[in-house]
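Down below is the structure, laid out as C-alpha cells.
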Amino acid sequence: MSPEMVAPAWMHSRISAEQYDSWSEEQCAGIEIVDGMVVVSPSASKRLGRLARLLANALDTAAGPDWNADTDFDVRLQDVPLTNRRPDVIVYRAETVDLTPTRPEHVLLVVEVVSPGSETTDRIVKVDQYAKAGIPFYWRVEQAATGVPIVHTHVLDPATKAYRDGEVFTSTVKATTPFSITVDLAVI
C-alpha cells in the first residue's frame, strides 16, 4: 500500500468536539463523526446533488422568513461521544445562521438523498439518531428503478422519540407539513 493510500492518523482515533471544532473546513468536508470516530461520506452523484439542491431551494422558498434551507453542513447531534451528521438538506431557524455548531433544537427538517452505499445508514441509522435528537421531521429521498424520485416523509412522535411514517410522494412533493410546499422532482 502506498503512503498516499494510508488514511491520516486522526481518522483512526476518537475525536472530541474540541478537536473537531479546531479543524479547517477542508478537513471536515466529506466526513461525519459518529461516536467520536470519523466516517467518510461518499460523494453524491451530480444527479443526486442537483436533487438535493432543487429540494433545498424549494424548501427555502416555502419555509418563509423564519427558516432557512441549505445543504451540506454539520448538525451536532451530541457532544460526547461526538456525533456530527451532514444531512443533504437542512431546514433550520434563520436566526441561527451564524451559530456554529448547528444543534438539533435549531433544526426543523433534515433530508437525506439515498445514494449507493448509504442505504442502510439513511434508512435505519440516521432515522434513529435524528429522532433521538428531537428533530421534528425527516424526509428520505429514494430513486426508483425508473429514476423517478420517491420522497418518504417521517414525523417525530415526541413521546417515543421515534418517527412515524408520513406521506410518500412520487416525483412531485405536495406536502402540507412542516409547511405547504409543491416541488416537481422529476425535472432532474
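The values are calculated or read from the model by the stated rules, or taken from the named source; none is laboratory data. These numbers come from a predicted model, not from an experiment. Backbone-built Cβ (ideal geometry, glycine too); neighbour counts: all protein chains shown. Ligands, DNA and RNA are stripped out before the accessible areas are found, and what is left, the full protein with its side chains, is counted by its heavy atoms. Shrake-Rupley method; radii C 1.70, N 1.55, O 1.52, S 1.80 Å.
Annotations for the structure displayed:
- The single condition from (1) within 14 Å of the chain's Cα centre (by Cα); (2) at pLDDT below 95; (3) of a type in the set (S, T, N, Q) that residue 146 fails is (1).
- Count of the stretch 22-47 residues which are open to solvent by 50 Å² or more (accessible area, probe 1.4 Å) and not in a loop (DSSP other than H, G, I, E, B): 8
- Pairing residues of the stretch 88-104 that are within 15 Å of residue 130 (Cβ to Cβ) with residues that are small (Gly, Ala, Ser) and part of a helix (DSSP H, G or I), at Cβ distances under 7 Å and at least 6 apart in sequence or on separate chains, gives 88/52; 89/52; 89/56; 91/63; 104/133.
- Counted residues, the stretch 71-85 - those being surrounded by fewer than 20 Cβ atoms within 10 Å (Cβ to Cβ) and of a type in the set (Lys, Arg): 0
- Residue count, the stretch 179-188 (criterion: open to solvent by 40 Å² or more (accessible area, probe 1.4 Å) and at pLDDT 95 or above): 2
- If you go through the stretch 48-66 and keep only what is in contact (Cβ under 8 Å) with a residue 60 or more places away in the chain and buried (at least 19 other Cβ atoms within 10 Å of the Cβ), you end up with 48, 51, 52, 55, 59, 63.
- Residue 168 vs. criteria of a type in the set (A, V, I, L, M, F, W, C) and open to solvent by less than 50 Å² (accessible area, probe 1.4 Å): no
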